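Undergrad: So that we are looking at the same thing, I have put the structure below in structure tokens.
What follows draws every value from the coordinates through simple rules; no lab data is involved. Every value quoted in this text rests on a predicted model; they were computed, and no experiment measured them. Ideal geometry is used to build each Cβ from the backbone, glycine not excepted, and the neighbour counts take in all protein chains shown.
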Protein chains: 2
Amino acid sequence: MTDFEKELEIKAEEVCKLIEPFLPEEEGKQKRVIESMRYSFLSGGKRLRPMFMKESFEFLGGKDITIIAPFMAAIEMIHTYSLIHDDLPAMDDDDYRRGRLTNHKMFDEATAILAGDGLLNYAFETVAKSMSEEKDPIVLQRKAKAFDILSKKAGIYGMIGGQMADIEGEKNKDADLETLLFIHENKTAALIEASLTIGAVMAGASDEDVTKMEKTASNVGIAFQIQDDILDIIGDAAVLGKSIGSDVKNEKVTYVTLKGIEESVKEVKRLSDEANALLREMSDEETFLNKLINYLITRDK
Amino acid sequence: MTDFEKELEIKAEEVCKLIEPFLPEEEGKQKRVIESMRYSFLSGGKRLRPMFMKESFEFLGGKDITIIAPFMAAIEMIHTYSLIHDDLPAMDDDDYRRGRLTNHKMFDEATAILAGDGLLNYAFETVAKSMSEEKDPIVLQRKAKAFDILSKKAGIYGMIGGQMADIEGEKNKDADLETLLFIHENKTAALIEASLTIGAVMAGASDEDVTKMEKTASNVGIAFQIQDDILDIIGDAAVLGKSIGSDVKNEKVTYVTLKGIEESVKEVKRLSDEANALLREMSDEETFLNKLINYLITRDK
């Protein structure tokens, strides 16, 4: 394990400690749906989105972690619900995730649908509680702005929109580059954009810096996805001794199948150089946020 | 058609005109999910929840309809998403609703799941937009309170919780009165409570009046459900010449199967008398809100 990976582990634990207290307790006549929500939420994700949010907040000078913590919990709830619904038989029909049974396999389909709905709703419930208890009018306005970003990036003009386009794209094997970038931008990048921009807004950053964070996040999200597609091919070739990846076998259109490996590697580099330049415009210091972004984009597994 | 029914129709049209402009337009690469959301939203519901909200707002002196309209749209979106997900094969598996194909029959299951998610998310997106654009700090605080009520009543401590208990109850044919009332209170009454209390909060009502509205709504919701159970038996006997209703045939436990017709009729009367008394404590005037509540509770079809 590298020093960075050790640091990453410690950071992830810190994030867990901040977000887990927001989960509802397993009690009452609706206990089963809460159990199901907690099962998926606590199944060991990397907590990248709330981590990004916290790092962006601190990168731009935010101090009081209690004002951002509800949003950190909320974005992880939204990410978790999207995985539960994506795994359903009518969607990707997956039995396992992160080595554990998927929600509908562990519980049942009806409970998994409700648990997803419950987490999406509880994300906003968490934000609402934090807003209705907020006494400082300036912070309340920031929270309203953060709530606006969160809801938009999670919805039909963000993650849900990307998921719909992805489902449509799978039926249509001739998806073009424009459609592919729409899917990456929305399905993958939108929640990362929400994380980094909410961190900035809650830190009281200028509109200009918020926009820079959004652009940084968009680059990171898209580069991350292209790197995934590259690894699908290179990783298979190296590790499994095969020359084609599962995406090619599934006839799935990816950036790599459309543009080739060389162009894809170049594009990842271009996107990450731009992201790093944007961060440097905001601060000279080399922070964990810089390292995290570079790690994600250049990872080889 | 009675005079009241004519008035009800006009009121419903007014509500439609207020809430429909909040729907997203069918465009973009995610067009299909928007089409699916609009299909269910525009399939001719009675718009009772936004109507209750508007009437409560005006009953308690609210004037500026633009501050409540986003919440009216939001609660109808939440009601609509709950119907889409309830109709899914893994839940009630219904092919028709209000004489039209259910969402997953008209589109497909994956789209229906996303359309439900999309509507729930868009409800909060609508609230978020209205909050982030709000300049008046007093109104912003009211909106934060209204958002808090909406999210809570729609979630695991409201509608979703009631739905989970209902699913569990159907497996367990020995459901007791306490469980049954939990289901009615949450699955049916919670969104009506949200409607009436949000109307009160946005009108700037006192905490005391908000609490009275919540209690009124709880009574209305439960009485409405018991009346439904009564009509299931009496209605069938009169119209179809049968002596038992579909609930009895399905071995579904209802208030009527537990307590008998006579006790049930008495309970509806007790609940509605109490609701009317609460309304009279707030205003002497006989308003459309009083008439609407009495109509719903005493309806014979």
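Undergrad: According to a simple spin-label model (label point 7 Å from Cα along Cα-to-Cβ), what is the distance in nm between A:E5 and A:L177?
TA: If labels sit at A:L177 and A:E5, their model points lie 3.5 nm apart.
Undergrad: I would also like to ask the following. Most exposed first by the Cβ proxy, i.e. fewest other Cβ within 10 Å, how do B:V220, B:V253, A:V265 rank?
TA: On the way: B:V220 26, B:V253 21, A:V265 15.
Placing the least packed residue first, the sequence is A:V265, B:V253, B:V220.
Undergrad: Now for a different question. Along Cα-to-Cβ, 7 Å out, sits the label point; list in nm, shortest first, how far the one on A:F4 is from those in the other copies.
TA: Its label point is 7.0 nm from the equivalent points in the other copies.
Undergrad: Further, regarding this structure: Quantify how strongly other chains surround peptide B:144-153 by giving the mean number of their Cβ atoms within 10 Å of each of its Cβ atoms.
TA: Details: counts 12, 3, 2, 9, 9, 2, 4, 11, 7, 1.
Mean inter-chain Cβ contacts per residue within 10 Å come to 6.
Undergrad: Counting other Cβ atoms within 10 Å, which GluC sites (Glu not before Pro) in segment A:20-78 have at most 10 and lie in a DSSP loop?
TA: Values: sites: A:E25, A:E26, A:E27, A:E35, A:E55, A:E58, A:E76; in loops: A:E25, A:E26, A:E27.
Passing both the DSSP loop test and the Cβ count: A:E25, A:E27.
Undergrad: Which loop trypsin sites (Lys or Arg not before Pro) in segment B:97-199, with loop taken from DSSP, have no more than 16 other Cβ atoms within 10 angstrom of their Cβ? Before the final figure, lay out the partial values.
TA: Numbers: sites: B:R97, B:R98, B:R100, B:K105, B:K129, B:K135, B:R142, B:K143, B:K145, B:K152, B:K153, B:K171, B:K173, B:K187; in loops: B:R98, B:K135, B:K173.
Counting only loop positions with at most 16 other Cβ atoms within 10 Å, the trypsin sites (Lys or Arg not before Pro) in segment B:97-199 are B:R98, B:K135, B:K173.
Undergrad: Rank the residues B:I160, A:I156, A:I233 as a footprinting-exposure proxy: fewest other Cβ atoms within 10 Å of their Cβ go first.
TA: Numbers: B:I160 30, A:I156 27, A:I233 21.
Taking fewest neighbouring Cβ atoms as first place, the list is A:I233, A:I156, B:I160.
Undergrad: In straight Cα distance, which lysines are under 24 Å from B:K252, not counting same-chain residues fewer than 8 positions off?
TA: B:K252 reaches A:K29, A:K31, B:K171, B:K173, B:K187, B:K242, B:K266, B:K269, B:K301.
Undergrad: Among the listed pairs A:K152/B:K46; A:K145/B:K129; A:K135/B:K145, which have their C-alpha atoms separated by more than 18 angstrom in this model?
TA: Where the Cα-Cα span goes over 18 Å, the pairs concerned are A:K152/B:K46.
Undergrad: Can you tell which of A:I297, A:G44, A:L180 lies farthest toward the positive end of the dipole of chain A, using +1 and -1 charges on the Cβ of basic and acidic side chains (Lys, Arg; Asp, Glu)?
TA: Checking the options against the dipole of chain A, the answer is A:G44.
Undergrad: Set Lys and Arg Cβ to +1 and Asp and Glu Cβ to -1, take the dipole of the protein assembly as shown about its Cα centre, and tell me which of B:F147, A:Y255, B:A189 lies farthest positive.
TA: Going by the charge dipole, the pick is B:F147.
Undergrad: Could you give the dipole magnitude of segment A:248-301 about its Cα centre, charging the beta-carbon of Lys and Arg +1 and that of Asp and Glu -1, in debye to the nearest 20?
TA: Values: 10 positive and 11 negative charges, 79 e Å.
Dipole size: approximately 380 debye.
Undergrad: Moving to a separate point now. With 10 angstrom as the radius, rank A:D174, B:D228 by how many other C-beta atoms surround their C-beta, starting from the fewest.
TA: Values: A:D174 7, B:D228 17.
In increasing order of surrounding Cβ atoms, one gets A:D174, B:D228.
Undergrad: Right, another one. How big is the charge dipole of segment A:4-136 about its Cα centre, in debye rounded to the nearest 20, if each Lys and Arg gets +1 on its Cβ and each Asp and Glu gets -1 on its Cβ?
TA: Values: 18 positive and 27 negative charges, 39 e Å.
Dipole of segment A:4-136, to the nearest 20 debye: 180 debye.
Undergrad: Take every residue in peptide A:172-184, count the Cβ atoms of other chains within 10 Å of its Cβ, and give the average of those counts.
TA: Numbers: counts 0, 0, 0, 1, 0, 0, 1, 1, 0, 0, 3, 2, 0.
Neighbouring Cβ atoms belonging to other protein chains average 1 per residue here.
Undergrad: If I model a spin label at B:T211 and B:K259 as a point 7 Å from the Cα along the Cα→Cβ vector, what separation in nanometres do I get?
TA: In this crude label model, B:T211 to B:K259 measures out at 2.4 nm.
Undergrad: Please report the relative contact order for segment A:3-298, taking Cα pairs under 8 Å with a sequence separation of at least 6, and give it as a percent rounded to a whole number.
TA: About 18 percent, as a whole number.
Undergrad: Spelling out what I want: for every residue of segment A:6-12, take phi, set θ = phi - 60°, compute 6.51 cos²θ - 1.76 cosθ + 1.60 (Karplus), and round to whole Hz; glycine and proline get x.
TA: Once θ is set to phi - 60°, the couplings for segment A:6-12 become 5, 4, 4, 5, 5, 4, 5 Hz.
Undergrad: Same structure again: Could you give the size of the charge dipole of the protein assembly as shown about its Cα centre, using +1 on the Cβ of each K and R and -1 on the Cβ of each D and E, expressed in debye and rounded to the nearest 20? Don't jump to the answer; show the numbers that get you there.
TA: Numbers: 78 positive and 114 negative charges, 26 e Å.
It works out to roughly 120 debye.
Undergrad: Apply the Karplus curve 6.51 cos²θ - 1.76 cosθ + 1.60, θ = phi - 60°, to the phi angles in segment A:266-280 and return the couplings in whole Hz, x for Gly and Pro.
TA: Rounded to whole hertz, the list is 4, 5, 4, 5, 4, 5, 6, 4, 5, 4, 5, 5, 5, 4, 5.
Undergrad: A further question on this structure: Please compute, for peptide A:122-135, the average count of beta-carbon atoms on other protein chains lying within 10 Å of each residue's beta-carbon. Don't skip to the answer; put the middle values down first.
TA: Values: counts 7, 4, 14, 12, 1, 6, 12, 5, 2, 9, 11, 2, 3, 1.
Taking the mean over all residues of the peptide, I get 6.
Undergrad: May I ask which residue of B:L83, B:S130, B:G116 lies farthest towards the positive end of the charge dipole of segment B:79-165, with charges of +1 (Lys, Arg) and -1 (Asp, Glu) on Cβ and the Cα centre as origin?
TA: Projecting each Cα onto the dipole axis, the largest value belongs to B:S130.
Undergrad: Convert each backbone phi in segment A:134-146 into a coupling constant with the Karplus relation 6.51 cos²θ - 1.76 cosθ + 1.60 (shift: θ = phi - 60°), then list the ³J(HN,Hα) values in order as whole Hz, x for Gly and Pro.
TA: 6, 8, 7, x, 5, 5, 4, 5, 5, 5, 4, 5, 5
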